[in-house]
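Single-structure report; data block below.
The values are calculated or read from the model by the stated rules, or taken from the named source; none is laboratory data. Computed from a predicted model, the values in this text were never measured in an experiment. Note: ideal-geometry Cβ built from the backbone for every residue, glycine included; neighbour counts use all protein chains shown.
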Amino acid sequence: MNISEFLIHYGWIFVAIIALFLYKSILRVFFGMVIVPENSIGLVTKKFTLSAANRLPDGRIIATKNEAGFQAKTLAPGLYWFMFPWQYSVYLSPFTVIPEGMIGLVLSKDGDEIPTGRILARKVECDNFQDAVKFLENGGQRGRQTGFITAGSYRINRYLFEVNLVEQTLIRESKVGIVTTMDGAPLQQGQIAGTMIEGHNNFQDIDTFLKNGGSRGLQPQVILAGSYYINTWAIQIEEMYMTEVPIGHVGVVISYVGEDGVDVTGESFKHGSIVTRGQRGVWMEPLGPGKYPLNKYTMKVELVPTTNLVLNWANARSEAHELDKNLSTITVRSKDGFPFNLDVAQIIHVPANEAPKVIARFGSMTNLVSQVLEPTIGNYFRNSAQDSDVISFLTSRKERQDSAKAHIKAVLEEYNVNAVDTLIGDIVPPEALMKTLTDRKIAQEEEKTYETQRMAQEKRQGMEKETAIADMQREIVKAQQSVEISQRTADSVVKKAEGDATSLKLQVNAEAEATKMRATAEAEATKLRAGAQAEATKLNASAEAERISKTGNAEAEKILAIGKSTAEAYQLQVEAMGGDNFTKYKITEEIGINKIKIIPDIIINGGNGTEGSMNGLMGLKLMEMISDKKTEETGKAE
């Protein structure tokens with residue numbers, strides 16, 4: 001398709017567009033037609049006026065009475081006539097849209113002057129700044145406005161107003177908003193913050209706040225967690241964590257704002273002013289465990305532990321509360337001039353109802369420790385050590401601990417603090433002195449050891465003696481049994497001998513008696529030997545000598561008993577056989593026992609005349625041999 005064909009087919013469209021444009025232009029020029037779309041407003045500027053009375057006053061830029069210039073009245077969406085282009089200029093401006101979570105802060109470019117001393121223009125009725133004529137006619141002031149617009153769409157005359165978008169103010173959980181106002185009356189003399197103002201809905205209605213006498217600067221009231229429409233030109237908010245009082249503590253409130261209170265403690269307490277809640281000073285009623293939305297710039301909360309509190313005077317130990325982090329081991333000097341160190345632990349308790357008095361007196365628990373506990377306990381132990389030497393101090397530790405407890409308890413009661421206990425920990429005497437004490441103790445322990453060993457030896461000796469006696473007793477019993485057996489044997493032999501001849505009976509009796517005597521002697525000898533052995537364990541040489549002596553005596557008694565028995569036997573035999581017969585009998589017995597030759601190997605026969613003489617010679621020789629034999633036996637016995 002060529003150009004001519006295209007124009008034939010589609011040329012009418014171009015003609016219609018041109019005709020429409022010419023039609024609108026004709027309407028605009030000759031009839032002053034203006035069309036404002038539904039999503040816009042028309043901002044009007046009047047180019048000129050023929051009447052001098054319709055000129056803007058000096059200092060004004062927005063016309064409210066049809067003066068030449070920017071017009072306060074805007075054109076809402078729709079069709080307007082007689083807005084001739086040579087007289088009026090219409091600018092189509094989109095609606096002002098405030099998104100969710102935002103607010104619009106308004107700056108007015110025209111209006112009355114803000115009074116001296118103020119920085120924000122007060123709110124006037126003007127349909128959320130959509131009616132510029134009302135704003136100016138009702139005394140609206142130029143500059144930053146206290147009023148603002150929230151989320152939505154607005155027909156704002158941008159010739160008069162400038163809108164700045166800011167986010168809503170968000171206070172998160174467990175936090176509070178500390179408020180400082182930029183406008184308002186000056187603070188009262190001597191105050192660091194304003195007074196409590198009601199009706200401003202958490203500072204979202206700043207005009208009500210100012211109308212009710214709100215002051216500029218720090219405010220005692222805080223805002224809690226949540227979202228707020230806050231005019232950040234009027235209000236500055238600092239987000240802080242809530243004040244937390246842990247379990248086992250109370251919070252003593254020190255208020256820097258409020259009226260001067262009257263001391264409620266009376267005449268007895270002269271160390272500070274304690275007032276009721278809401279007044280300036282230390283509050284009589286402390287805060288229990290929990291979270292509190294307090295303004296940390298106008299109030300201070302001193303935490304006071306109500307549980308037992310342990311404070312350590314030790315270099316290597318400190319509790320979690322750290323109140324004793326600056327305390328150290330106490331160095332003292334004894335009466336005998338020795339310096340030594342000791343660790344001390346003090347347990348205290350501050351009653352909840354006494355906590356405000358402690359804070360009013362000292363300001364904080366740290367000051368209580370540094371101003372009272374540290375000098376009191378340190379000086380007490382230094383003074384106590386000077387009255388005693390090191391050894392006495394060590395040995396009387398419990399008594400000194402009890403004395404320190406009583407003294408410190410009496411002192412702390414004057415400061416409304418309970419002293420629960422005072423404990424003396426590690427005591428480190430001088431090294432040289434400790435060596436002396438250690439050596440002395442070792443010597444004492446060695447002496448005890450030696451004494452114990454001596455007693456053990458004595459017990460061991462006693463045990464061995466008893467053992468020997470027991471062993472000897474066994475031998476004695478055995479000997480007694482042997483005697484009894486021998487006695488019975490002898491009795492048996494006697495009974496048997498009674499059936500024989502009288503001589504045989506006497507002989508048996510003699511032998512039985514001899515056997516009995518021998519058994520008795522042997523038993524006695526065994527008894528003496530056992531006793532000698534036991535005594536030898538205790539006393540070595542003396543026991544041995546005693547044993548030899550008793551053994552000899554036993555042997556002597558044995559020989560004596562044997563000889564006595566033999567003599568008695570001989571006597572009985574003589575009585576039984578007669579003297580001559582017994583002599584012949586014994587001679588014959590000896591000849592047989594000793595194998596004595598009666599007949600010489602060579603006999604010199606001297607004839608009949610000499611027979612009697614030879615026989616006599618032989619008899620003499622035999623008697624001499626028997627006599628020599630008896631003498632030899634007697635010597636052996638001795």
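With respect to V358, is the statement that it is under 26 Å from H271 (Cα atoms) and in a helix (DSSP H, G or I) true? Yes, satisfied. The set of residues from segment 204-231 being among the aromatic types (F, W, Y), outside any loop (DSSP other than H, G, I, E, B) and closer than 15 Å to T150 by Cβ comprises just one member, Y228. Restricting attention to segment 312-341 and to residues that are in contact with an Asp or Glu (Cβ under 7 Å, 6 or more places away or on another chain) and of a type outside the set (S, T, Y), the residue that is modelled with the lowest pLDDT turns out to be D336. With respect to P115, determine if the residue is at pLDDT 65 or above, surrounded by fewer than 11 Cβ atoms within 10 Å (Cβ to Cβ), touching a strand residue (DSSP E or B) at 6+ places or on another chain (Cβ under 9 Å) and in the same structural domain as F161 (by TED's automatic domain parsing). Considered against the rule, which asks whether it is at pLDDT 65 or above, surrounded by fewer than 11 Cβ atoms within 10 Å (Cβ to Cβ), touching a strand residue (DSSP E or B) at 6+ places or on another chain (Cβ under 9 Å) and in the same structural domain as F161 (by TED's automatic domain parsing), P115 comes out as yes. Only residues that are assigned to a strand (DSSP E or B) and more than 17 Å from L218 (Cα to Cα) were counted in segment 272-299, giving 9. Kindly indicate the residue of segment 289-335 that is touching a residue at least 60 places away in the same chain (Cβ under 8 Å) and under 18 Å from N353 (Cβ atoms) and also farthest from the chain's Cα centre (by Cα) among those meeting that condition. Restricting to residues being touching a residue at least 60 places away in the same chain (Cβ under 8 Å) and under 18 Å from N353 (Cβ atoms), the top hit is E302.
Exactly one residue out of V257, V264, V253 is among the aliphatic types (A, V, I, L, M) and not in a loop (DSSP other than H, G, I, E, B): that is V253. For segment 276-306, filtered to residues that are among the small types (G, A, S) and under 17 Å from G261 (Cβ atoms), the residue that is modelled with the lowest pLDDT is G278.
Residue count for segment 255-271 under the criterion of being touching a residue at least 60 places away in the same chain (Cβ under 8 Å) and crowded, with 19+ Cβ neighbours inside 10 Å: the result is 1. The residue that is farthest from the chain's Cα centre (by Cα), among those in segment 238-253 that are hydrophobic (A, V, I, L, M, F, W, C) and buried (at least 20 other Cβ atoms within 10 Å of the Cβ), is V253.
In segment 365-414, how many are of a type in the set (A, V, I, L, M, F, W, C) and more than 16 Å from V344 (Cβ to Cβ)?
So the answer is 5.
Does L75 qualify as being within 60 Å of the chain's Cα centre (by Cα) and crowded, with 17+ Cβ neighbours inside 10 Å?
On the way: within 60 Å of the chain's Cα centre (by Cα): no; crowded, with 17+ Cβ neighbours inside 10 Å: yes.
Taking the combined requirement at face value, the residue does not satisfy it.
Where strands (runs of 3 or more DSSP E) sit wholly within segment 121-186, those with at least 2 residues that are touching a helix residue (DSSP H, G or I) at 6+ places or on another chain (Cβ under 9 Å) and either exposed (fewer than 15 other Cβ atoms within 10 Å of the Cβ) or in the same structural domain as G69 (by TED's automatic domain parsing) (or both) occupy 143-149.
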